[in-house]
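Notes follow the structure.
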Protein chains: 6
Amino acid sequence: MSKQPIVYMTRRETFSSAHRLHSFELSDAENQRIFAKCNNPHSHGHNYVLYVTLRGAVNAATGMVMNLVDLKRVIQAAVLQHLDHRNIDVEVAWFRDHQRVSTTENVAVFAWESIASELAAQGFDQSLLHEIRVDETENNSFVFRGETDVGIGH
Amino acid sequence: MSKQPIVYMTRRETFSSAHRLHSFELSDAENQRIFAKCNNPHSHGHNYVLYVTLRGAVNAATGMVMNLVDLKRVIQAAVLQHLDHRNIDVEVAWFRDHQRVSTTENVAVFAWESIASELAAQGFDQSLLHEIRVDETENNSFVFRGETDVGIGH
Amino acid sequence: MSKQPIVYMTRRETFSSAHRLHSFELSDAENQRIFAKCNNPHSHGHNYVLYVTLRGAVNAATGMVMNLVDLKRVIQAAVLQHLDHRNIDVEVAWFRDHQRVSTTENVAVFAWESIASELAAQGFDQSLLHEIRVDETENNSFVFRGETDVGIGH
Amino acid sequence: MSKQPIVYMTRRETFSSAHRLHSFELSDAENQRIFAKCNNPHSHGHNYVLYVTLRGAVNAATGMVMNLVDLKRVIQAAVLQHLDHRNIDVEVAWFRDHQRVSTTENVAVFAWESIASELAAQGFDQSLLHEIRVDETENNSFVFRGETDVGIGH
Amino acid sequence: MSKQPIVYMTRRETFSSAHRLHSFELSDAENQRIFAKCNNPHSHGHNYVLYVTLRGAVNAATGMVMNLVDLKRVIQAAVLQHLDHRNIDVEVAWFRDHQRVSTTENVAVFAWESIASELAAQGFDQSLLHEIRVDETENNSFVFRGETDVGIGH
Amino acid sequence: MSKQPIVYMTRRETFSSAHRLHSFELSDAENQRIFAKCNNPHSHGHNYVLYVTLRGAVNAATGMVMNLVDLKRVIQAAVLQHLDHRNIDVEVAWFRDHQRVSTTENVAVFAWESIASELAAQGFDQSLLHEIRVDETENNSFVFRGETDVGIGH
């Protein structure tokens, strides 16, 4: 019985959304000072780029960590159908109902939680999820690996 | 007196905007059928990429068609301050006041008209303007060269 | 009655194919000398990038040259279903039945002819087609605009 | 005697290959179901992008982890001459002789093993090798760091 | 006797050079005002990207406009060996001996003249040369097509 | 009191510099042999791409690890004003005064040390700094994470 190599596989997807940076815990003046043009009440938007990385052993028969067809279906259900061609602040419950600011840091955390749940719901091992990266623009990029500030998460 | 080479210079800029595709000349049902997810009333958004191309003779003393510092100032005044971190349908008069649909075709025409005007306003030869290209996503791109369907423009 | 702006719209798609450069008009020795490693009889392959550019007047009601949904369907039927995840020399009749060498020059000509036909077949004006660009690698790119060596084509 | 900084250096190369996803451990029906269009018996192909990352101390005299000229020669001998402009399933012994499926997971493992061997063969410290990344397309990427499912490898 | 399609083929190459923008026709104060940080006497540098486009009929036997192996050799001899890992102002006669400012406009004109000559010197039809594009940075790009301000060149 | 997610945020910047690879610890012959064309005494240059990655807890009120406006100001002061449009060997004290070879390995170490200092000087937690990546060309990339060869640094 031989050891199997462990490989990281990454799928890249894109989505286009409107949003506004505004914190309900801050005054209007503080919001304007901190978020500046991103606080525009009429919203602006981005072509976000999402990278979902799984880490797992390569199956000896198929040569795959996970079938890309399955991973694409998971990402579609967990992230794209909620965020693509949407207004994040108005239409996505995770942000709207909890008054979370739609920074790309938080978009990455949302994608992590949603993909982990969807993997489990579709019968896959949720511990395969290794990293979420979200690029807001070509110059600004954010990564979440399930860590929290008092320990390593999930 | 020697001939000067004619060179095309292109400056690339980016802007991030929210918008919605909706035509006031069409019924709601037609808007939904034609524009589909882009007709979402809560808007979505893009990181647009703008390419402004001038065509002109190279100045023998400076080796330049136009100083890039000047071109960047023109683009900032003509396009970026109006579109970047804005909602195109709500905040840009050229679209809002004339009920123009904010397709990228029309964004390119707006950029052409606005840059041509600004070049003239800042004392430059407006006939230097050769081409506007606007990328809406990495897969969809639009070019305007001042042509109209009954002749070549300006 | 006002003039409509004429805009160039470009859709980018990708396809992954195997092929071999081999000319039936040349000897084996000539094939090896001219095509070198590209003449490998076991084939090699590429991720081709296809850019389809239409040129047309912007519709005043929709703000579009052509609906991207329609253009994507045309490209799928005319090019992608024939070339994507295929061996060009073995599976594509335009190359196989006419013993055409599968250079990217010829891939671009094939895409032009096939898209022009498909536009007409689906009821669109085939004269909208302006340019086909096919990138074979990040360093080698080929463009066809319907021109032939004794005049301007189609 | 001062401490030297440890730096990760990455060299990017490309290669163009044909392949087919087909497992000899699975029935034809299973192969078709799992690999779908990638199971096409006539093969398809890709422009693969390879990233080889070394991790090592910076030499105080040269300011280098390893001379890029040497690393390029190692990659050429270990990977490019075997895979570039080749049919992976037919021409590469590591795949053909062991009936390994030519998934990009396995291409990354092959590149790791081959580069580690070649580093040693050319007199370099094989423990410099830190990571292999292979992009199959712009959307699908795979990383191998020598790990196996019952421990950290090599 | 059938018509042959005319195709544009483009080869992309890169080179890394040092340079300074300084005009001997201008005073030091004017140089500083016009070129600003680019006038730094200690020089700065760029990774230039060069695109060489030929336009010609596709050969019926080979399916090629020109063999890429030949085009690469022409570009190496005409441009890369003169500019790559060089100081343009100090080491390239076309600039140094004629006191031409090393703007990217002029780099494009130099590349055009040098490639046209080299094509002829190696026995190719120099009228194949259609366009030179040089990108100075990801945001600034320059194109020369052999035009001069009192007519269309060569 | 809830746990906060830990996110990695990366800012991308570019700078254009001249440099020469030359070690004062080596003979001229050794310099020529090791650095080859990079040893050209007239210098060459690059468009470097810098990626600065911070790792920290997301602030619950703002949704941010650090305000990008602040991070951009830190990078400007610590790196860009020293390196952009400069000759690294001649104008940057960290290299010139210590006779350090201007390899990209060392550029990354310089950027790490300078950004760590500037973060502290501007009142930010210097332990936020997680990784510096510098791309010298599109094919050669270098990462420093503060590690040294006898332990994990800073």
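Numbers for the structure displayed
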{"quantity": "Any hit, the range F:89-97, residues being closer than 25 Å to residue E:90 by Cα, of a type in the set (Phe, Trp, Tyr) and out of contact with any Gly (no Cβ under 7 Å at 6 or more places or on another chain)", "calculated": "yes"}
{"quantity": "Qualifying residue in the range C:57-69 (condition: without any contact (Cβ under 8 Å) to a residue 40 or more places away in the chain and farther than 30 Å from residue B:35 by Cβ)", "calculated": "no"}
{"quantity": "Residue F:29 vs. criteria touching a residue at least 24 places away in the same chain (Cβ under 8 Å) and part of a helix (DSSP H, G or I)", "calculated": "no"}
{"quantity": "Total residues in the range D:23-39, condition in contact with an Asp or Glu (Cβ under 9 Å, 6 or more places away or on another chain) and either surrounded by fewer than 21 Cβ atoms within 10 Å (Cβ to Cβ) or of a type in the set (A, V, I, L, M, F, W, C) (or both)", "calculated": "2"}
{"quantity": "Residue match in the range C:67-74 (condition: β-branched (Val, Ile, Thr), under 21 Å from the mean Cα position of the chain (by Cα) and surrounded by fewer than 18 Cβ atoms within 10 Å (Cβ to Cβ))", "calculated": "yes"}
{"quantity": "Complete set of residues in the range E:108-126 that are out of contact with any Phe, Trp or Tyr (no Cβ under 7 Å at 6 or more places or on another chain) and β-branched (Val, Ile, Thr)", "calculated": "E:115"}
{"quantity": "Total residues in the range E:41-64, condition buried (at least 21 other Cβ atoms within 10 Å of the Cβ) and within 10 Å of chain F (Cβ to nearest Cβ)", "calculated": "6"}
{"quantity": "Matching residues, the range C:7-22, being among the β-branched types (Val, Ile, Thr) and surrounded by fewer than 22 Cβ atoms within 10 Å (Cβ to Cβ)", "calculated": "C:10, C:14"}
{"quantity": "Enumeration of residues in the range C:65-88 that are within 14 Å of chain B (Cβ to nearest Cβ) and touching a strand residue (DSSP E or B) at 6+ places or on another chain (Cβ under 7 Å)", "calculated": "C:65, C:66, C:68, C:71, C:72, C:75, C:80"}
{"quantity": "Residue B:74 outside any helix (DSSP H, G or I) and within 15 Å of residue B:113 (Cβ to Cβ)", "calculated": "no"}
{"quantity": "Residue, farthest from the other protein chains (Cβ to nearest Cβ), within the range C:144-154, restricted to residues that are touching a residue at least 12 places away in the same chain (Cβ under 8 Å) and either assigned to a loop (DSSP other than H, G, I, E, B) or of a type in the set (Phe, Trp, Tyr) (or both)", "calculated": "C:154"}
{"quantity": "The range D:103-133 - residue that is within 23 Å of residue C:18 (Cβ to Cβ) and touching a residue at least 40 places away in the same chain (Cβ under 8 Å) and, of those, surrounded by the most Cβ atoms within 10 Å (Cβ to Cβ)", "calculated": "D:107"}
{"quantity": "Within the range B:6-40, considering residues that are among the aliphatic types (A, V, I, L, M) and out of contact with any helix residue (DSSP H, G or I) (no Cβ under 9 Å at 6 or more places or on another chain), the one farthest from the other protein chains (Cβ to nearest Cβ)", "calculated": "B:29"}
{"quantity": "Yes/no for residue D:3 being surrounded by fewer than 23 Cβ atoms within 10 Å (Cβ to Cβ) and either part of a loop (DSSP other than H, G, I, E, B) or within 14 Å of chain C (Cβ to nearest Cβ) (or both)", "calculated": "yes"}
{"quantity": "Residue within the range B:88-102 that is of a type in the set (Phe, Trp, Tyr), farther than 30 Å from residue E:33 by Cα and surrounded by fewer than 19 Cβ atoms within 10 Å (Cβ to Cβ) present", "calculated": "yes"}
{"quantity": "Residue B:18, sole failed condition from (1) under 23 Å from residue B:93 (Cβ atoms); (2) small (Gly, Ala, Ser); (3) more than 24 Å from the chain's Cα centre (by Cα)", "calculated": "(3)"}
{"quantity": "Test: residue F:65 is aliphatic (A, V, I, L, M) and either within 19 Å of residue D:61 (Cα to Cα) or in a helix (DSSP H, G or I) (or both)", "calculated": "no"}
{"quantity": "Any chance residue C:95 is free of Cβ contacts under 8 Å to residues at least 40 places away in the same chain and within 15 Å of the chain's Cα centre (by Cα)", "calculated": "yes"}
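Rundown of residues vs (1) outside any strand (DSSP E or B); (2) facing chain C (nearest Cβ under 10 Å), yes/no style:
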site	(1), (2)
B:90	yes, no
B:102	yes, yes
B:105	yes, yes
B:112	yes, yes
B:120	yes, no
B:123	yes, no
B:131	no, yes
B:142	no, yes
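None of the figures in this text is laboratory data; all of them are computed from the coordinates on show. None of the values given here were measured: they were computed from a predicted structure. All Cβ positions, even for glycine, are placed from backbone atoms using ideal geometry, and neighbour counts span all protein chains on display.
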